Amino acid sequence: MMRHLISAADLTRDEAIRILDTAEEMARVADRPIKKLPALRGRTICNLFFEDSTRTRISFEAAEKRLSADVINFAAKGSSVSKGESLKDTAQTLEAMGVDAVVIRHGASGAPYRLATSGWIDAPVVNAGDGTHQHPTQALLDAFTMRRRLVGPDAGIGRDLAGRRITVVGDILHSRVARSNVDLLHTLGAEVTLVAPPTLVPVGVGAWPCEVAYDLDAVLPKSDAVMMLRVQRERMNAAFFPTEREYSRRYGLDADRMARMPDHAIVMHPGPMVRGMEITAEVADSDRCTVVEQVAAGVSVRMAVLYLLLGGNESDTAHPRTEEK
Ligand code: NCD
C-alpha cells in the first residue's frame, strides 16, 4: 500500500481493488446499530480545508470517527497569509502536535503533493481535492458505486470494471473529479468517453487514456454510466459558452435524454448538483441516479483509505509506515 494518497494515477490496479474491497467491509459497519470500529483508536487525524466543501468534509469526518480516531478540523479559508507560507506554517504546527494523518483540500493544484514531499511533516497525506488537479477519494467512491451497480454479484468484490463504458459530461477543463476518474477508471479497465463543449475540454486531452466526443445524444446509448459534472463557475475567468440555456440544451441531462441510455445504465453526479443546469430535477430524483449512494460510498471508501494508510491491521505485511511507494 502507498504511503500517501495524492493522485488516482498513483494507484495500481491491485491497490485500487484492495481499497474497494476493504470499503465493502467498512460498508457493513454502516449497517450496524453502533457504527464504530476501534481500528484507529489513539490516532489523531487533521482535516485541513483551505477550500469550501460540504460532502467531502463531512464524509472524511464521519469516516475518521467511525474508525475511532481523534479528529481535528482546521478550516483555513480566509487566511491572509500567502499560500506557500501558510501551508508550511500550518504543516509545522500539525507536526509539532503529532498528528498521525492529514487530509487536505486546497485551491492550488499540487498543494497536497507539496505537503507530502516537503519534509515539513512526516504523516501520511490524503488529497481531498486540489485545484483542478485531483480528487482521488471521489474517483474511488465513484468506482465503488459503479462496481456495485454494474459488476455484481457480491458487489463485484475482487473484480475491476473491465469493459464498462463510462461517459463523463460537462466542465472537464476545471474538474479534478474528471481527471481522477479518467485515471482510476482506466486502471480498472473501463472505457471512458468525455463529452463537453470544445471550450471546456483541456488542452492536451489527447494524451489522456480516454475518448472525447461532442455529441451527447450519440454517446448515451453506448454508456453503462453517465457522470454529470457541475460547471465550475468559481474557477472560470472568461465566458466558455453563450448562455446557460444553450449549455443545458446541448449538455444537460433531462428525462428525454436519459431514455436514450440502456435500461441498466446509471446516472452519477459528485455533487453539488445545479438542478436545471447540467441535470433536471426529474433525473436527479429518479431511481437511476446514484448521487445519494455515492455519498454513502464516500464514507466507506474514506474509512478504507485511512485504515490502510495508517496500518489499521498491524499484522499486515505491506505496512504503510515502513514501505515507500
Ligand atoms: C466536487 C469537488 O469539489 O471537486 N465535489 C465533491 O467533492 N463532491 C465537484 C464540484 O465541486 O462540482
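Within segment 293-304, identify whether any single residue is modelled with pLDDT under 95 and basic (Lys, Arg), and answer yes or no.
Taking segment 293-304 first, the residues modelled with pLDDT under 95 are none.
No: segment 293-304 contains no residue that is modelled with pLDDT under 95 and basic (Lys, Arg).
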Out of Thr187, Thr199, sole residue that is β-branched (Val, Ile, Thr) and in contact with a helix residue (DSSP H, G or I) (Cβ under 9 Å, 6 or more places away or on another chain)
Thr187
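Residue by residue, here is whether (1) in contact with a strand residue (DSSP E or B) (Cβ under 7 Å, 6 or more places away or on another chain); (2) closer than 21 Å to Ala9 by Cα; (3) in the same structural domain as Ala23 (by TED's automatic domain parsing) holds:
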| residue | (1), (2), (3) |
| --- | --- |
| Pro153 | no, no, no |
| Gly158 | no, yes, no |
| Leu161 | no, yes, no |
| Val169 | yes, yes, no |
| Arg179 | yes, yes, no |
| Leu185 | yes, yes, no |
| Pro209 | no, yes, no |
| Ala213 | yes, no, no |
| Asp224 | yes, no, no |
Please determine whether any residue of segment 136-148 is part of a helix (DSSP H, G or I), more than 16 Å from the ligand (Cβ to nearest atom), surrounded by fewer than 24 Cβ atoms within 10 Å (Cβ to Cβ) and touching a residue at least 24 places away in the same chain (Cβ under 8 Å).
yes
Subset of segment 109-135, residues of a type in the set (S, T, N, Q), in a loop (DSSP other than H, G, I, E, B) and away from the ligand (no atom under 16 Å from the Cβ), comes to Ser118
Can you find, within segment 29-66, the residue that is surrounded by the most Cβ atoms within 10 Å (Cβ to Cβ) among those that are more than 26 Å from Val177 (Cα to Cα) and without any contact (Cβ under 8 Å) to a residue 24 or more places away in the chain?
Arg32
Criterion first (of a type in the set (Gly, Ala, Ser), more than 14 Å from Ala297 (Cβ to Cβ) and not assigned by TED's automatic domain parsing to the domain that holds Arg159) does Ala27 satisfy it?
no
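The values are calculated or read from the model by the stated rules, or taken from the named source; none is laboratory data. Note that the coordinates shown come from a computational prediction; the quantities given were computed from them, not determined experimentally. FYI the Cβ positions are ideal-geometry reconstructions off the backbone, even for glycines, and counts take in every protein chain you see.
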